[in-house]
1. Taking 41 Å as R0, compute the FRET efficiency from the Cβ-Cβ separation of A:Asp297 and B:Asn135 and round it to 0.05.
2. What 222 nm value per residue comes from the helices of the protein assembly as shown, counting each DSSP H run with n ≥ 4 as -39,500 (n - 2.57) and dividing by all residues, nearest 500 deg cm²/dmol?
3. For the range A:197-204, what does the Karplus curve 6.51 cos²θ - 1.76 cosθ + 1.60, with θ = phi - 60°, yield as ³J(HN,Hα) per residue in whole Hz, taken in order and with x for Gly and Pro?
4. Taking just the alpha carbons, could you work out the radius of gyration and Dmax for the protein assembly as shown, both in angstroms?
5. With springs only between Cα atoms under 10 Å apart, run a GNM on chain B and tell me which of B:Thr224, B:Thr114, B:Thr76 wobbles the most.
6. Only sites in a loop by DSSP and with at most 16 other Cβ atoms within 10 Å count here; which GluC sites (Glu not before Pro) in the range B:234-298 make the cut?
7. At q = 0.13, 0.14, 0.17, 0.20 Å⁻¹, what base-10 log of I(q)/I(0) does the Debye formula yield for the range B:179-335 when every alpha carbon is treated as an equal point scatterer in vacuo?
8. Whole number please: convex hull volume per residue, Cα atoms of the range B:118-180, in Å³.
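Bear in mind that the values in this text are calculations on the coordinates, not laboratory data. Treat the numbers as computed from the prediction; the structure is a model and nothing was measured. Positions of Cβ are backbone-derived with ideal geometry, glycine not excepted, and every protein chain shown enters the neighbour counts.
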Number of protein chains: 2
Amino acid sequence: MIEQKDIDSVFAQYVKEYQDINGSYVQVYEKPPTALEFLRGSVQPNRPAIIRDGFEHWPARRGWTNEYLRSRMGDTTVTVAVTPNGYADAVTFDPVTQKEYFTMPYEDHMAFNTFMDLMEGKQVSENANYISLQNGSLPVEYSAIENDVDKDINWCSEALGKKPDAVNFWFGDDKSATSLHKDPYENCYAVIRGQKTFILYPPTEYYCMHESVYQNAIYEPNPTTHKLELKPMDGTTPWIPVNPLHPDLAKFPRFRHACPVTVTVNEGEMLYLPALWFHQVMQKGEQGVIAINYWYDMDYSNMLYPTMALYRRLLTGIMENNRELIDNDDGSDLE
Amino acid sequence: MIEQKDIDSVFAQYVKEYQDINGSYVQVYEKPPTALEFLRGSVQPNRPAIIRDGFEHWPARRGWTNEYLRSRMGDTTVTVAVTPNGYADAVTFDPVTQKEYFTMPYEDHMAFNTFMDLMEGKQVSENANYISLQNGSLPVEYSAIENDVDKDINWCSEALGKKPDAVNFWFGDDKSATSLHKDPYENCYAVIRGQKTFILYPPTEYYCMHESVYQNAIYEPNPTTHKLELKPMDGTTPWIPVNPLHPDLAKFPRFRHACPVTVTVNEGEMLYLPALWFHQVMQKGEQGVIAINYWYDMDYSNMLYPTMALYRRLLTGIMENNRELIDNDDGSDLE
C-alpha cells in the first residue's frame, strides 16, 4: 500500500523542478521568427511566446471597423455563446440542485448586426454574449471576411509541416472569460482589437489543477422569464474547478504549488500558446475584443500526450477513485 | 491508501498508449536532413532515426585502416575499459559476497599499439577491452586523428542551436557490450567500421526497466593472479538490471510490457539516438568496431527531463521505498 502523501510529495517536487528550470519568462519575437527559430525556441521546448509585427499586412489589422464588419456581415446569422456570468464551459454551482456542474453556454443564433448592437450598447443584455465557436468558425460563419486575414501562419506551418486544422473568429467584451482548460493544439492567437490576458500554467502543473469529474449541464432560457437557467444533462466531463483569479486554497490545496505565466497580448500581437498548456483568458476593450486564432494539431508522437493521460488516470482517477477515467483504455478521454 | 496494482495498471496503459501511437518504425534519411527536417521529424518527436550518406567526406571513412591508426597513434597512451564479461557499467552478481553491484570497469592505460595488438589477436586477453571513454575522448586522447572527422554534425548543430558537448572515440570488438541505460544527450552516433546493434526503448518505458539502487563496485586486477576481481566501493547508483537479450520475466515482470526498437547501424551510417532513450548496444566486426559519437546537451526546458525524475522517485523511490531517491530535492539524481 502506498500513502497518498508520498505521491503528493513527489508531484510537488516535480512541479517545482520544472519551475526552477524554466522560470516564468516569456520569449518575445520582435518580428516573426523563421520556422527553424520558432520550432527550436518555442515548439520543441513547449514554451509560450509573443510574436510582434506578425500580421501588419492583414487587411483585418486596420480594416475591421464596426462599420466595415456590419457592411460585410450584416444579416448573416452567427452563433453566440450566452451565459449569465461570462463563463462558457466552466464548473458552475447550481443554487437549485445545490450541486456543481460542468456547464455549457446557451448557443444563441442571431444576425451579426444584433450582436454588434449588443457590443455597442445599443441593445442591453443582462448576459455575457461571446462569439467563441471553435469549429473553424472563420471560413464557415465569417466567410464574408475570411480573406481579410492569412489562411495560415506561414512560419508556423513550415515549422510544424502542416496547415492549421481550424481558424476561429472571436468577438466579445470584458464580461466574457474562459475558464482554465487545455487544448490538444499548437495555438497561434492574434489579437486584432482590444487586449487579452492569458493566465498560463505548464502541463507539469496538472497536479495542481484539481481536475475532477462533473455532471454535464447547459444554460437554457426559461420560456416565461427568458432568464438563463441551468439544466442538468446526461454524461460527465473532467474539468478544472479552480479560478486562478481567486483560488480557494482550502478547497484546492494543490493549487498553491502552481505558478502562472501571465501574458497580456495587445492589439497587433500574437501569442503562441503551446499544446496542452492550461489557460484562463480575460479580455478588455472599449468596443469589444476581436481575435483570430489558428489551431494546429499537436504532435502526438512524443511523450507529452500520453503523459497527460497518465496523470489524469493517476491523480484524478486513482487518487479520487474515478474508475471511468482509469478503465477507459484508449486515451480518448484526454480532452 | 493507494494500491500498488492500481499504479501498475495506469503505467501499463501508458506504456501501451505510447506504443500504439508510435509503433516501432525508425525513420531512415537516405541523405543528411536539413536542420528543420531533422528537428521537426526526429528531435521534436524524440524518435530515433538512421542517417545514410552523412559522412562520406570524412577522411576517417576510408582512411582509418589499422596501419594508419598505428602510424598516427602508435605509442600514445589511451584509456581502455577492461572487464571479464564485456559489460562496463552494469549490474553484476559477485560470487564472493553473493550480492549484486553496480560495477564499473577497470580503467587500464596502455599504448595504442598494445590495444591494436589485442584487437588483431597478436596479444591474447581473457578480458574484454573497450575504448569507450566518454569525456570527449576524441580531442583529448585522439588529437592525432581528430581532424579526420568533422568537429560537429552541421545539420544537427543548426537544428539544436548549439555545438556538441563531447565527441567520443569508440573502438572494441564483439566481446564488449553496453548495458541498458540512458543519457541526457541528443546523440549522433557514426559507425566507421563494423556494425552496431542498438536495442532501444522510449523514455515512457522507464516503468518496465525495474531500475533499482545498487552498491557501487569496480573491477581491479588481483595483484597475484592478475585476474579481475570485483571490489565493493562506497556509494550507490540507480541502474537497470534487465538484459533484454535474455530477460528474467519472473524477476522483472514489468519488462513484459516493454517493446524494443531494434536498429542495426552499418558502416557508413549514423544513428540519431534521442535524449533519455534507454539503449543496450552490441557490436560485430572482424578487426574491431570503430565509431565516433557526438553528444549534444539535451533541452532541459520541456517536460521530458523532470518527468523522468518524477518516474524515478515514484516507481523506484516510493514503490520500492528507496528514500534517498525521493528526498533528494534537486533532481541531480537523474543520471
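1. 0.45
2. After summing the helix terms and dividing by residue count, I get -5500 deg cm²/dmol.
3. Working through the residues one at a time gives 10, 9, 9, 10, 9, x, x, 4 Hz.
4. 29.2, 102
5. B:Thr224
6. Passing sites in the range B:234-298 are B:Glu267, B:Glu286.
7. -0.75, -0.86, -1.15, -1.31
8. Working: hull volume 8.2 nm³, N = 63.
Dividing the Cα hull volume of the range B:118-180 by its residue count gives 131 Å³.
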